[in-house]
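One structure is given here, and the rest of the page talks about it.
Values in this text are rule-based calculations from the coordinates and carry no lab data. What you are looking at is a predicted structure, and each value in this text was computed from that prediction instead of being measured. Cβ sites come from the backbone with ideal geometry, for glycine too, and all protein chains shown count toward neighbours.
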Amino acid sequence: MITFPKDFIWGAASSAYQIEGHATADGGGRSIWDTFCHTPGKILYDDHGDIACDAYHRYAEDIALLKEMGAKAYRFSTSWARIEPGADGVWNESGLAYYDKVVDLCLASGITPYMTLYHWELPQTYEDKGGWRVRETAEAFGRFAGMMAAHFRGRVTHYFTLNEPQCTVSLGHETGVHAPGMKIDQAGQFGVLVNQLLAHGYAMRAIKTADPDAIVGIASTGRLCYPETDADIDAARAATFAVSDDDWTFTHHWLLDPICLGHFPEAEGTRLGALAKSVSAEDLAIIHTVPDILGYNIYNGHAVKFTASGFEYVERYPGFPRTALKWPVTPEVLDWGVRFLQERYGRPGYITENGLSCNDRIYLDGQVHDAERIDFLARYLAALERAIAHGADIRGYFQWSLTDNFEWNAGYGERFGLIYIDYPTGQRIPKDSFYWYQNVIRNGTISF
Ligand code: IFM
């Protein structure tokens with residue numbers, strides 16, 4: 001039996017655009033995702049988040065299920081576009097009122113809200129002014145974060161400034177498969193990174209000014225490696241933090257090194273190295289706003305082995321286990337990946353996302369039997385416990401995701417939830433994994 005620390009925070013996560021729907025209700029504004037989804041051909045089957053899981057109206061059902069599951073915490077995001085539709089510092093009180101209801105119901109249910117202030121829902125009005133390609137967006141985000149912390153002071157204690165800035169760079173501005181759908185050059189992509197780094201710095205400072213007791217983090221994602229054998233540990237660490245002009249947008253260190261260590265990764269002789277040198281000492285000081293906690297969104301990694309020239313990726317054998325999205329199942333990443341991140345940054349950490357998409361459906365008995373998800377979560381959590389046992393300071397785990405939801409360019413075809421959403425009716429059906437996770441939370445243990 002595997003036992004987690006007594007005070008471990010068990011939770012589940014979601015994000016605004018993926019679950020809420022009704023972006024423009026009650027004075028809200030459209031985000032870049034509304035624009036992108038309504039551009040034909042961008043999303044599988046032209047799905048969109050107009051209704052999504054209808055959490056805008058059905059949030060109370062979701063929070064009741066969270067409570068039934070025994071969750072200690074709920075990580076959700078707030079839609080900036082719902083709250084500041086005009087990009088002008090005028091706050092839409094009705095939009096804020098929705099989050100008041102969510103936060104208050106969490107608190108009344110004994111669930112601690114972990115609020116992510118930005119999970120890719122950039123107001124279209126800010127995009128029209130240059131989006132993340134201009135510094136003004138970073139400054140505006142700082143102003144938004146400060147207002148939010150003042151508004152929720154005494155009720156929200158934990159914030160994440162940005163979710164996965166790596167994806168905004170890589171998917172939003174490199175490959176263009178995510179909103180705003182741009183393909184710009186490396187210097188432009190680096191600018192998008194720097195503006196998000198500044199946004200974190202401005203936001204964290206503004207939150208602390210408004211609420212000195214707030215605990216503030218950022219949720220990072222990116223390439224992680226694990227050793228093939230014990231002889232390959234250094235190689236796996238080196239592969240995780242390797243620097244290359246061709247493979248940098250989806251990495252933790254280009255985000256977290258400047259934020260936590262105060263400098264960019266060593267990149268002498270690369271184009272990135274030259275770009276990094278162009279960031280002024282004053283801006284680096286703003287960026288170097290060390291989070292109280294770090295959030296890690298982790299789904300899979302690469303096995304690596306040592307070679308005479310450094311390291312190489314171990315090829316996956318034919319038929320390697322994969323999720324419905326064809327992501328490899330590599331539980332080792334929650335052990336070694338987490339250890340490497342904790343060694344490098346030394347901050348208390350949370351797994352802010354982990355889970356998988358399965359081809360879930362309602363069975364003839366009316367239930368959703370997702371044995372694959374239970375097996376995946378058991379393996380990954382067992383690996384996480386090994387990291388903790390080896391000294392990694394991981395305080396909590398947020399399963400992704402509480403409910404099935406809108407999986408960005410993959411639309412509604414991918415189901416990540418512990419709770420099944422029947423989209424035609426909006427009905428919520430807890431899957432087998434929901435009850436399995438309920439037991440994990442109740443006992444703080446995993447057995448298999
Ligand atoms: O659904 C996403 C989430 O919004 C960000 N992290 C990865 C998840 C699965 O793709």
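The table that follows gives values for the structure above.
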item	result
Hits in region 221-243 (condition: touching a helix residue (DSSP H, G or I) at 6+ places or on another chain (Cβ under 8 Å) and of a type in the set (G, A, S))	G222, A236
Some residue of region 104-111 being aliphatic (A, V, I, L, M), touching a Pro at 6+ places or on another chain (Cβ under 9 Å) and under 30 Å from M182 (Cβ atoms)	no
Selected residue (criterion: nearest to G89 (Cα to Cα)) from residues of region 152-172 that are buried (at least 18 other Cβ atoms within 10 Å of the Cβ) and more than 18 Å from the chain's Cα centre (by Cα)	F152
Hits in region 175-188 - residues which are surrounded by fewer than 23 Cβ atoms within 10 Å (Cβ to Cβ) and either within 23 Å of E407 (Cβ to Cβ) or within 21 Å of the chain's Cα centre (by Cα) (or both)	T175, G176, V177, H178, P180, G181, M182, K183
Tally, over region 98-124, of residues that are touching a residue at least 60 places away in the same chain (Cβ under 8 Å) and within 30 Å of G172 (Cα to Cα)	11
Wholly enclosed strands (runs of 3 or more DSSP E) of region 371-448 bearing at least 2 residues over 14 Å from S357 (Cα atoms) and away from the ligand (no atom under 15 Å from the Cβ)	394-400, 427-430
Criterion (without any contact (Cβ under 8 Å) to a residue 24 or more places away in the chain and either within 13 Å of the ligand (Cβ to nearest atom) or over 30 Å from D47 (Cα atoms) (or both)) met by exactly one of P318, P331, P348	P318
Residue match in region 43-58 (condition: acidic (D, E) and surrounded by fewer than 15 Cβ atoms within 10 Å (Cβ to Cβ))	yes
Residue that is surrounded by the fewest Cβ atoms within 10 Å (Cβ to Cβ) [pool: residues in region 76-106 that are touching a strand residue (DSSP E or B) at 6+ places or on another chain (Cβ under 9 Å) and more than 29 Å from K129 (Cβ to Cβ)]	V103
Tally, over region 5-20, of residues that are touching a Leu at 6+ places or on another chain (Cβ under 9 Å) and surrounded by fewer than 22 Cβ atoms within 10 Å (Cβ to Cβ)	0
Test: residue in region 424-442 that is touching a residue at least 24 places away in the same chain (Cβ under 8 Å), more than 21 Å from F76 (Cα to Cα), surrounded by fewer than 20 Cβ atoms within 10 Å (Cβ to Cβ) and in contact with a helix residue (DSSP H, G or I) (Cβ under 8 Å, 6 or more places away or on another chain)	yes
Contacts under 8 angstrom Cβ, first residue in region 18-39 being at negative phi and part of a loop (DSSP other than H, G, I, E, B), partner within 16 Å of the ligand (Cβ to nearest atom) and of a type in the set (S, T, N, Q), 6 or more apart	E20/S79; A23/S31; A23/S79; G28/S79
Region 21-35: number of residues that are away from the ligand (no atom under 13 Å from the Cβ) and surrounded by 24 or more Cβ atoms within 10 Å (Cβ to Cβ)	3
Residue within region 303-314 that is closer than 25 Å to L193 by Cβ and within 16 Å of the ligand (Cβ to nearest atom) present	no
